[in-house]
Amino acid sequence: MQMNTRNRTYNWEDPALLASQANQLNGLEFLEKMIKAELPFPPLLHTLDFKVSAIHPGRAEFTFQPQEFHFNPLGSVHGGVITAVLDSAMGCTLHSVLPLGTGYTTIDIKVNFLKSINIKTGLMKATGAIINQGNRTALLEARLIDGNGKLYAFATSTCMILKSE
């Protein structure tokens, strides 16, 4: 059996700069500075080739074009890639409403995979929304759809809100 090797090269900025700014801005300002290229995106976005398509208070959208480097051994997009884009949408959705000095961490995440995704599926969009936000936790959801609005995956997540002392 002959192997047909592919290569992929990409670049990213030092994530320490991004981390150093996280507690200097409120969540929406922090995310907007990344969109305006005043701060670098986290390396994960470059690694998985995700794009931020929109950030608004209480909503974040990410897109990705399924590629071979997203594939599992069966030739479809790996569930971890799908989970990562949904988690990114939910996390940034919450971050977009957090005040200065407040962060978050994921407590749990549940993903329902509804349809297989491959290169023919086309551009995918993950949109996050807040279901409920309290003082200490937030419940979030995200949906992954194709260009025709067909649902491929759905996720919910509980996040702990971390206020600096």
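The values are calculated or read from the model by the stated rules, or taken from the named source; none is laboratory data. On a predicted model such as this, the values are computed, not experimentally measured, just so you know. A quick note on method: Cβ atoms are made from the backbone with ideal geometry, for glycine too, and the neighbour counts reach across all protein chains shown.
For every residue, the table says whether it meets (1) under 17 Å from the mean Cα position of the chain (by Cα); (2) in a loop (DSSP other than H, G, I, E, B); (3) within 28 Å of Arg136 (Cα to Cα).
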| position | (1), (2), (3) |
| --- | --- |
| Gln2 | no, yes, no |
| Arg6 | no, yes, no |
| Thr9 | no, yes, no |
| Leu28 | yes, no, yes |
| Phe62 | yes, no, yes |
| Pro66 | yes, yes, no |
| Cys92 | yes, no, yes |
* From the list Leu98, Leu114, which one is of a type in the set (A, V, I, L, M, F, W, C), at pLDDT 95 or above, within 17 Å of Asn26 (Cα to Cα) and over 12 Å from the mean Cα position of the chain (by Cα)? -> Leu98
* To do: Select, from Val81, Val77, the only residue that is in contact with a helix residue (DSSP H, G or I) (Cβ under 6 Å, 6 or more places away or on another chain), of a type outside the set (Lys, Arg) and free of Cβ contacts under 8 Å to residues at least 40 places away in the same chain.
  => Val81
* To do: Test Ile55 against the stated conditions and say whether it is without any contact (Cβ under 8 Å) to a residue 60 or more places away in the chain, among the β-branched types (Val, Ile, Thr) and exposed (fewer than 14 other Cβ atoms within 10 Å of the Cβ).
  => no
* Among the residues of the range 74-86, is any buried (at least 20 other Cβ atoms within 10 Å of the Cβ), hydroxyl-bearing (Ser, Thr, Tyr), within 19 Å of the chain's Cα centre (by Cα) and under 30 Å from Met160 (Cβ atoms)? -> no
